[in-house]
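To keep things clear, I will list the structure first and then write my remarks on it.
The values are calculated or read from the model by the stated rules, or taken from the named source; none is laboratory data. Values in this document were obtained by computation on a predicted structure and should not be read as measured data. Cβ sites come from the backbone with ideal geometry, for glycine too, and all protein chains shown count toward neighbours. Keep in mind that these areas ignore ligands, DNA and RNA; they rest on the heavy atoms of the full protein, side chains included. Shrake-Rupley method; radii C 1.70, N 1.55, O 1.52, S 1.80 Å.
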2 protein chains.
Amino acid sequence: MIEQVTARFGAKAVQADRAEIVPWLTDWRGKFHGTSAAILSPSSTAQAAEMVRLAAEFCVALVPQGGNTGMVGGATPPEDGSAVILSTRRMNRIRSLDAEAGVAVVEAGVILANLHDAAEAQGWRFPLTLGSRGSCTIGGLIATNAGGTQVLRFGTMRALVLGIEAVLPDGTIHDGLSGLKKDNRGYSFDQLLAGSEGTLGVITAAALRLVPAIRNRAVSWLGLRSPTDALSVLRALEKGTTHVEGFEIVPRDSLELVLKHIPGTRPPLERQHVWNVLVELTDDGSLQETPEALLERLLEPLIDSGLAEDATIAANEAQAEALWRIRDSISEAERTEGPTLAHDISVPVADMPRFMTEAAAEVERAFPGTAASGFGHLGDGNVHFHVRPATGASAEAFAGQSASITRLVHDLVTAAGGSISAEHGIGQMKRDELARLAPERVAHLKAIKQALDPKGIMNPGKLV
Amino acid sequence: MIEQVTARFGAKAVQADRAEIVPWLTDWRGKFHGTSAAILSPSSTAQAAEMVRLAAEFCVALVPQGGNTGMVGGATPPEDGSAVILSTRRMNRIRSLDAEAGVAVVEAGVILANLHDAAEAQGWRFPLTLGSRGSCTIGGLIATNAGGTQVLRFGTMRALVLGIEAVLPDGTIHDGLSGLKKDNRGYSFDQLLAGSEGTLGVITAAALRLVPAIRNRAVSWLGLRSPTDALSVLRALEKGTTHVEGFEIVPRDSLELVLKHIPGTRPPLERQHVWNVLVELTDDGSLQETPEALLERLLEPLIDSGLAEDATIAANEAQAEALWRIRDSISEAERTEGPTLAHDISVPVADMPRFMTEAAAEVERAFPGTAASGFGHLGDGNVHFHVRPATGASAEAFAGQSASITRLVHDLVTAAGGSISAEHGIGQMKRDELARLAPERVAHLKAIKQALDPKGIMNPGKLV
């Protein structure tokens, strides 16, 4: 098959040099390792379709890969070398950016930061961002239905996709790029492909929604008594404006770790509070007042009523960045403190205050000495639920406990009607846990997978 | 099977009286007629699941039915009596309405108007409405991914569904009601069920997004030169505000028919314009000025620049209603004038101005004497494309042409990358046309259908 691809599409379409392949055989966190005889790199949708057809003919499995920044081993080939990586790296053109309509049609290999820049140059914004923005690709973001920090207002990748172009496992091309706003011709393939982790086809391009660029923002830090109060604050803000873009909850111990380990950080409020919230409001030019004035107006009654114990609004962009730096440094501060077991989970928003408190208590009870805490996107129901070892416990002992701790967390999440994967997907890492906790769901996922990919050539061993 | 359902769930769960069944055997427009030995009516999700399991056991097909207001025969049973209607009429409870979060959990049989009322009573709004609101049900709206007049701002039913509860063809229950905002555990069953027309399962309940109730609205009527100018007006308005909720385009001949046939209607502007647009802006309390002031401010430069030839803003609610009445009476006026062949189609928004003009010309050329025109939701790319017979042509002669006319319209839509079903679905009516125009798509739809419903018991003969 590799010979045929080379013969048809030239040497650029096939990377078989071992040294150049190696970096793409291990996932970003170094947890999963695979083997692949080559990396195929189509330069067009037609080439990608031809490669999928060849793979089907030779019964060779393909592992679609974008920026290789996934968190669950979804883009890492199997160890036995039975599959070949199909990289979208050469499909990296922004095919069009309609500055009238606010729609970008981009190929799968376009790097997120490049799309950000292209949109900004035209007065628009692609409202999804995350830590790996300099490496991750649009195709990967769609295949994993990526989230990030702006989901509260704009939704996950699924909500930003107006249409998808993809090569299906039989080599046919699904072309949804016309991005019809109303189209009722049966099941939505665009929505089926979003979050499919490469198991139903190779996403080659997408039509994406843009929103007007931000002109101004206001950032505030609030001190609160409880996650329940934090949720009440969020509801009150959302009743007053549709411009709330960030609403991050931070427990006292996370804040303390940041102040302890991250140089240059300072307590945002005069005294300590059991819970903290960072709020961001943005203005794209449609507000009739400054976002600071709006935020102040909305926060005032919440402080007067005592719902918020204290609050500060950043006086300038430097202060705003300092507040965000606290939020964004929590993971780093925890890693400096010692080993941390992270969980990417979600529960219904209304249940999140209860869950954050009770699940942490339950984990600490079941594993004496450990410290569990949740922080993150309260408005999305997305908890970053971290567990740290008992003081003095060895890293080895903690590592030995980690599978049991994770099982407990997953059980608690499932009991709360939540998801064991809020953002990162299932990939290889959570496949067995999903099968354990949701066997019926997995049976249905498998049936769909089998229906569209009867030969099992698309990213086998992932998700199902 | 009917005996078993009666024995287990009582007489209320089975309607076998012929006189009471008959009204449900014909579709709303009287185009499709079927036969069914009984109507099964579960009162709970558990009962519905049990009925589906019995149907699977006895290999009896089920036809899910809500308000029976569909436009494509999707809820009409087959003529041969091989299937039984499964009605959601007894599952009509609003299970919860969270006035803090703006989320309603409602059963499939809840009538849309009842949800509107319940939301309004709590200061909220369910932002989807259509002509049959007094009869259509939430389950049917989801199964057909219904649209309506507010899609421009809030999207179709697919975008308003936070989660779905459904009985799948194997009798298992998919429970997505927790409405997680972030959940990446593989393919989205909620999104797969939206628009599935009862072929993948019976929707039993849904968690739906509510939005703050409207406090005030501004409605304007504009006179324009072309659909292209209309689209420029829309883009300009959307750059200035996110509150544009209606943007309807009306050609001169449609307006003339309304003024001719609908009593009490008056020309909205002083002189005639080749094209007209109705704009609606709404305020849910988050605007800092009145919607009239905002609309005036946004329209002023468009009139100054000559993009809009003329405009009037309704001075009060009665005037606003009069403007909407013109738009809403077009179909009635056309029916009064004579037979009309309607098409529910969509094209990419940016292409809609060209399509409306060229497709009408092409149809009139191919079928001399006919008059073709498009009106409807410009912002959604959704054209109501109507063809009327030549003056003096007999209704019979026109009826004889209608299949050929529709084929041409569908060919033109397909060539433009559009959809032969924007809002109504495929059902029985468009099944053959979909198979003709998109055989690969239908093959993939069939594969998914077969995977989840191997016995073919869910609404056979519809969609695929």
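Table for the structure above
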item	result
Computed magnitude of the charge dipole of chain B (debye, nearest 20; Cβ of K, R +1, Cβ of D, E -1)	940 debye
Cβ-vector label at 7 Å, B:Lys31, separations to other copies in nm	5.3
Signed unit charges on C-beta, dipole axis of chain A, positive-most listed residue A:Leu323, A:Val387, A:Ile262	A:Val387
Counted charge near B:Thr199, where neighbours are those whose Cβ lies closer than 12 Å (Asp, Glu -1; Lys, Arg +1)	+2
Distant-in-sequence amide H partners of A:Thr340 (H built 1.01 Å from N, under 5 Å)	none
Where labels lie 7 Å past Cα in the beta-carbon direction, separation of B:Thr336 and A:Ala399 in nm	8.2 nm
Scattering curve values for chain A, log₁₀ I(q)/I(0), Debye with Cα scatterers, q = 0.07, 0.10 Å⁻¹	-0.39, -0.79
For region B:57-180, radius of gyration divided by Kirkwood radius, i.e. Rg to Rh on alpha-carbons	0.98
Heavy atoms of A:Met71 accessible to a 1.4 Å probe, total area in Å² rounded to 10	50 Å²
Per residue value of the accessible surface for region A:216-330 (all protein chains in place, 1.4 Å probe), Å²	42 Å²
For B:Arg95, residues with placed amide H under 5 Å, excluding near neighbours	B:Val105, B:Val106, B:Glu107
Heavy atoms of A:Lys182 accessible to a 1.4 Å probe, total area in Å² rounded to 10	0 Å²
Charge context of B:Val167, other residues only, Cβ under 11 angstrom, K/R +1, D/E -1	-3
Exposure rank, largest accessible area first [B:Lys449, A:Lys31; 1.4 Å]	A:Lys31, B:Lys449
Pseudo-label separations to other copies for A:Asp411 - Cα-to-Cβ vector, 7 Å, nm	6.5
Pair-distance profile P(r), taking every C-alpha pair of region A:225-314, with 10 angstrom steps and integer %	15, 47, 29, 8, 0
Tail weight of P(r) past 23 Å, computed on alpha-carbon pairs of region B:164-293, percent	59 percent
FRET efficiency for B:Arg407 and B:Arg252, using Cβ-Cβ distance with R0 set to 35 Å, rounded to 0.05	0.80
Listed residues B:Asp453, A:Asp351 arranged by accessible area, highest first, probe 1.4 Å	A:Asp351, B:Asp453
Accessible area (Å², 1.4 Å probe, nearest 10) - A:Glu292	50 Å²
Reach of B:Lys239 by Cα under 16 Å, taken over aspartates and glutamates that are not fewer than 8 positions away in the same chain	A:Asp98, A:Glu100, A:Glu120, A:Asp283, A:Asp284, B:Asp229, B:Glu280, B:Glu296, B:Glu300
B:Glu321/A:Ala366 FRET efficiency (R0 51 Å; Cβ-Cβ; nearest 0.05)	0.20
The protein assembly as shown - percent of accessible surface contributed by carbon and sulfur, probe 1.4 Å	50 percent
Phi-based couplings in Hz for region B:422-428 (Karplus 6.51, -1.76, 1.60; Gly and Pro marked x)	7, 10, 8, x, 9, x, 8
Contour excess over end-to-end distance, with Cα ends at B:Ala46 and B:Ala415 and 0.36 nm allotted per residue	128.2 nm
Inter-chain Cβ neighbour average for residues B:290-299, partner chain, 10 Å	0
Accessible area buried at the A-B interface, both sides summed, 1.4 Å probe (Å², nearest 100)	5800 Å²
Listed residues A:Phe9, A:Phe247 arranged by accessible area, highest first, probe 1.4 Å	A:Phe9, A:Phe247
Alpha-carbon centroids, region A:1-52 and region B:235-289: separation in whole Å	54 Å
Globularity ratio of region B:338-415, using Cα Rg and 2.2 N^0.38 Å	1.05
Reciprocal mean inverse distance between Cα atoms of the protein assembly as shown - Kirkwood radius, Å	29.3 Å
Calculated FRET efficiency for the pair A:Phe58/B:Cys59, C-beta based, R₀ 45 Å, to 0.05	0.70
In sequence order, calculated HN-Hα J values of region A:264-281 (Karplus, 6.51, -1.76, 1.60; Hz; x Gly/Pro)	x, 8, 10, x, x, 10, 4, 10, 7, 10, 5, 10, 10, 9, 9, 10, 10, 10
Formal net charge of residues neighbouring B:Thr357 (Cβ-Cβ distance under 15 Å; K, R +1; D, E -1)	-2
Length added when fully stretched, A:Glu79-A:Ala213, from 0.36 nm per residue minus Cα-Cα	43.8 nm
Dimensionless Rg/Rh of region B:2-87 - Kirkwood Rh, Rg from C-alpha atoms	0.95
Euclidean distance of C-alpha centroids, region B:87-104 and region A:96-175, integer Å	34 Å
Across the identical copies, how the B:Glu256 labels are spaced - nm, sorted shortest first, 7 Å along Cα→Cβ	8.0
Average accessible surface area per residue within region B:13-54, 1.4 Å rolling probe, Å²	44 Å²
Helix-derived mean residue ellipticity, 222 nm - over chain A, DSSP H n ≥ 4, -39500 (n - 2.57), to 500	-10500 deg cm²/dmol
